[in-house]
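Shown next, in structure tokens, is the structure this report addresses.
The values are calculated or read from the model by the stated rules, or taken from the named source; none is laboratory data. Owing to the predicted nature of the structure, the values given are computational and were not obtained by experimental measurement. Cβ placement follows ideal geometry from the backbone for every residue including glycine, while neighbour counts extend to all protein chains displayed.
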């Protein structure tokens, strides 16, 4: 499972996902890419999952045309202390569900 963390996800979150193949936007040199271009790059680079805090993504892009699963963390801010619980819930979700090409919101 190859995961991309959006640039709005704290870097420390990558450590929590260490059992997966996880990359940040910085790792990929994709900082500043717009969502449409980014989703296309993810497909070309065989990513399976995109994790973001961008609640507007579903309104900005037709995500169903991209063969990736997108998880939107419904956190109130992007501080690691806040996001940590959402990442833990994401891990539980990744381990327990067969992933299809979905757009799923993670709530606490």
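Computed quantities for the displayed model
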{"read-out": "Members of segment 37-63 that are modelled with pLDDT under 85, in contact with a helix residue (DSSP H, G or I) (Cβ under 8 Å, 6 or more places away or on another chain) and part of a helix (DSSP H, G or I)", "value": "57, 60, 63"}
{"read-out": "Answer from 89, 84 - the residue that is surrounded by 14 or more Cβ atoms within 10 Å (Cβ to Cβ), touching a residue at least 60 places away in the same chain (Cβ under 8 Å) and closer than 16 Å to residue 105 by Cα", "value": "84"}
{"read-out": "Residues located in segment 46-81, provided they are more than 14 Å from the chain's Cα centre (by Cα) and without any contact (Cβ under 8 Å) to a residue 40 or more places away in the chain", "value": "59, 60, 61, 62, 64, 65, 76, 77, 81"}
{"read-out": "When residues of segment 10-42 are limited to those that are within 17 Å of residue 92 (Cβ to Cβ) and touching a strand residue (DSSP E or B) at 6+ places or on another chain (Cβ under 7 Å), the one surrounded by the fewest Cβ atoms within 10 Å (Cβ to Cβ)", "value": "20"}
{"read-out": "Members of segment 64-76 that are surrounded by fewer than 17 Cβ atoms within 10 Å (Cβ to Cβ) and touching a helix residue (DSSP H, G or I) at 6+ places or on another chain (Cβ under 8 Å)", "value": "67, 74, 76"}
{"read-out": "Filter result for the condition that a residue is part of a strand (DSSP E or B) and either at pLDDT below 95 or closer than 22 Å to residue 93 by Cβ (or both), over 72, 76", "value": "72"}
{"read-out": "Residue check for residue 45: surrounded by fewer than 18 Cβ atoms within 10 Å (Cβ to Cβ) and at positive phi", "value": "no"}
